[in-house]
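Let me begin by presenting the structure, written as structure tokens, before commenting on it.
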Amino acid sequence: MTTRNNKGVLVIVSGPSGAGKSTIISRVSQLRPDIRFSVSATTRDPRPGEIDGVNYYFKTQEEFWEMIKLDAFLEHAEYVGNSYGTPAAPVDNDLAQGYNVILDIEVQGAAQVMEKRPDAVSIFLCPPSLEELERRLRGRGTDTEEKIRDRLMAAHREYSQAHKYSYIIINDDADTAVRELDAIITAERCRSKYFLEGENTL
Ligand code: ADP
Ligand code: 5GP
């Protein structure tokens, strides 16, 4: 018998704020029951419609420091004046149960995960142009003018790291980007290393 092992794929998705990461990840999650989104902790304020425990765990700076002290994070980083971190335990539990776990994290955190988990699959998702990125950030209507400027500045730094990722998705047409993310996860799941070694015969 030929059997796949029951370990999920750890998928890192990075890219400038406003590129469409949340949009594309949430659409792929609706298509695939084998995906779990890693809910991060953050010290930033919730945006309208964001739910604690669903989009993020919203923390005070003190609560965030406490989690760092307890070594609760797989990675953590500062981004545009706020702290963000990936709680480690849920990621490992979900992977062990066979779910493919998606991390939506910025480039410094992604570098930490690539170092700690060389098996992780890394994807850089970018908008078709900087002008379009600015349009999307303004269109989203969730950030002040100052935050939009900070996020556009950060985008330049983030682009300079794109070559460190295994895959790049250009989120121009959303349907195409969803198909590409779905295809990458499927292809990675078919890698021979996910099949039980030595036990596969006809
Ligand atoms: P991120 O999670 O990368 O910060 P979002 O998913 O919040 O980005 O998307 C930013 C804005 O761009 C949202 O208003 C979203 O609806 C819009 N958006 C996402 N993908 C596309 C696309 N392919 N074409 C046009 N607008 C998009
Ligand atoms: P936003 O405030 O727009 O939700 O996210 C800002 C940036 O923080 C995005 O680039 C997003 O990918 C990143 N981010 C979200 N959660 C985490 C996390 O747990 N760790 C790190 N390093 N970055 C994160």
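The values are calculated or read from the model by the stated rules, or taken from the named source; none is laboratory data. What you are looking at is a predicted structure, and each value in this text was computed from that prediction instead of being measured. Virtual Cβ from ideal backbone geometry, glycine too; neighbours counted across all protein chains shown. Protein only, heavy atoms only, side chains kept; ligands, DNA and RNA dropped before computing areas. Shrake-Rupley method; radii C 1.70, N 1.55, O 1.52, S 1.80 Å.
Quick notes on this one:
- For the range 162-178, the condition of being of a type in the set (D, E, K, R), in contact (Cβ under 8 Å) with a residue 24 or more places away in the chain and open to solvent by less than 70 Å² (accessible area, probe 1.4 Å) holds for none of the residues.
- Applying the criterion of being in contact (Cβ under 8 Å) with a residue 12 or more places away in the chain, near ligand 1 (Cβ under 9 Å from one of its atoms) and farther than 16 Å from residue 173 by Cα to the residues of the range 129-141, the residue that is surrounded by the fewest Cβ atoms within 10 Å (Cβ to Cβ) is 140.
- Any hit, the range 52-68, residues being surrounded by 13 or more Cβ atoms within 10 Å (Cβ to Cβ), among the hydroxyl-bearing types (Ser, Thr, Tyr) and away from ligand 1 (no atom under 16 Å from the Cβ): yes
- Residue 1 passes every criterion in (1) open to solvent by 40 Å² or more (accessible area, probe 1.4 Å); (2) among the aliphatic types (A, V, I, L, M); (3) at pLDDT 95 or above apart from (3).
- Here residue 153 meets each of (1) under 22 Å from residue 56 (Cβ atoms); (2) within 16 Å of ligand 1 (Cβ to nearest atom); (3) of a type outside the set (Ser, Thr, Tyr); (4) in a helix (DSSP H, G or I) with one exception, condition (1).
- Restricting the range 31-46 to residues that are part of a loop (DSSP other than H, G, I, E, B) and within 11 Å of ligand 2 (Cβ to nearest atom), the residue that is most open to solvent (accessible area, probe 1.4 Å): 45
- When we screen 54, 80, 101, 28 for residues that are in contact with a strand residue (DSSP E or B) (Cβ under 6 Å, 6 or more places away or on another chain) and closer than 29 Å to residue 133 by Cβ, the only hit is 101.
- Checked across the range 107-128, the condition of being open to solvent by 20 Å² or more (accessible area, probe 1.4 Å), more than 22 Å from residue 86 (Cβ to Cβ) and more than 13 Å from ligand 1 (Cβ to nearest atom) holds for no residue.
- Residue pairs meeting the criteria (Cβ under 9 Å; at least 6 apart or on separate chains; first touching a residue at least 12 places away in the same chain (Cβ under 8 Å) and among the aliphatic types (A, V, I, L, M), in the range 69-92; second in a strand (DSSP E or B) and within 16 Å of ligand 1 (Cβ to nearest atom)): 74/86; 74/103; 77/84; 91/103
- Residues being part of a helix (DSSP H, G or I), closer than 19 Å to residue 118 by Cα and either open to solvent by 10 Å² or more (accessible area, probe 1.4 Å) or of a type in the set (Lys, Arg) (or both) - total across the range 69-94: 6
- Meets criteria (part of a strand (DSSP E or B), open to solvent by less than 30 Å² (accessible area, probe 1.4 Å) and within 12 Å of ligand 2 (Cβ to nearest atom)) for residue 102: yes
- All positions within the range 4-30 that are more than 14 Å from residue 103 (Cα to Cα), open to solvent by 40 Å² or more (accessible area, probe 1.4 Å) and within 17 Å of the chain's Cα centre (by Cα): 27, 30
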